[in-house]
Amino acid sequence: MKRKLAVGLTLSAALCGCGSLGQPMSPTEFRQTVGGSSFGTVESFEAARPYEQVVDTLRKKANECLAVGTTSSGTVFQGNMAMRETSHSTYKPTLSVTGQSTELAVQVDFGDHTVVQKVPEGGFYILVADATPAGANATKVTIYRGSLGKAKEIGAAVRSWATSASATCPNLNG
Amino acid sequence: MGRAALLFALILSGCSGLKTYPNALDKNATIHVRTDGGTLLSRTGIALDLYTVDPGCGTQYLGTLELDDSTIELGLPLDQQVRLAYVFSRDALVGTSGTTVIELMVTPRRGERYEFDVDYLKQGYTATGRVFPAGQASGKDIEHSRLRDCIPQRSPASATAFLVSG
């Protein structure tokens, strides 16, 4: 129980990318939290592809790569005893299109870990990406993410999906 | 006997619960597989679990195929919703091991052809599919949908519906 609580606290702090215990409950709150934290990363770039193509790729790849379940197992030490621990994660991407702006929010649910605060429905927010047109043949993309966990891999994948339609899924194993 | 020893014994005796998909139906799908086999300290693998899904979202496990670096001809059952779960696994000697499952749902009809591209390479993995209607050379992408998004149908005559997130 103590170990689960510790894992929960670590997840809470690490995933919000800010070191505080206040969990962002929406993409808007996540942007604000990451933007104001030295632990978070905000990356902005222009992809040389039309907005509609970028959104289409984001939708397809997010659905393929980020609406997945993962199982990880590794050795953890309890005192001097080595034990195998297995954890399950369910990722959930949500793509929202509003006029000429698209938002991709990625959440992760770690199952029954004990956490001391309210968790958004669908899990912790770990990344939010915004796409807007930048002329006829380019798209401005801004990625907000925490600095730990798989958010870095997912952020790199979102960048490659925005710039190329043929990119693969990020490795969420292990 | 401890639980771990019992599990190990069950696996050794072939009682892990997995069975090989018979793949005896007329071949209507092709899977193109690319893997790089992992590294010195880790091994990667891809398996395909096949299930039928009924209108109430219940599943029946049909079997599993281990996918190696090759092209595989597959016979999918006709006129039933079929769940294809591509299981990407990484076994590490040091550090963490894990699996990720990418799901696709299809309802094959007579004459249709399916093509799947499945890669597990250093930079990541992918599982995509295209369906080609009877007699047509151009196909369309298969949307990814998952069992957990399945909505049970009250009327037995209607088809199973799925919500796709995003």
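Rule-based calculations on the coordinates, nothing more; no lab input. This structure is a prediction, so every number in the text was calculated from the model and none was measured. Cβ: placed from backbone, ideal geometry, glycine included. Neighbour counts: every protein chain shown.
Would you please calculate the Kirkwood hydrodynamic radius of region B:67-132 over all C-alpha pairs and express it in Å, rounded to one decimal?
Here the Kirkwood hydrodynamic radius works out to 13.7 Å.
Calculate, for B:Arg43 and A:Asn80, the FRET efficiency according to 1/(1 + (r/R0)^6) with r their C-beta to C-beta distance and R0 25 Å; round to the nearest 0.05.
Once the sixth-power term is evaluated, E becomes 0.30.
So, by mean Cβ neighbours within 10 angstrom, what's the order for A:97-104, A:64-71 with the highest one leading?
Descending packing order for the listed peptides: A:64-71, A:97-104.
Based on the Cβ-Cβ distance of A:Ala48 and A:Ser101, what FRET efficiency does E = 1/(1 + (r/R0)^6) give at R0 = 25 Å, to the nearest 0.05? Could you put the intermediate results ahead of the total?
Numbers: r = 19 Å, r/R0 = 0.76.
Using R0 = 25 Å, I get an efficiency of 0.85.
Using only Cα positions of region A:36-174, each an equal point scatterer, no hydration layer, compute I(q)/I(0) via Debye at q = 0.08, 0.12, 0.13, 0.18 Å⁻¹ and quote the log10 values to two decimals.
With no solvent term, the Cα-only Debye profile gives -0.25, -0.52, -0.60, -1.02.
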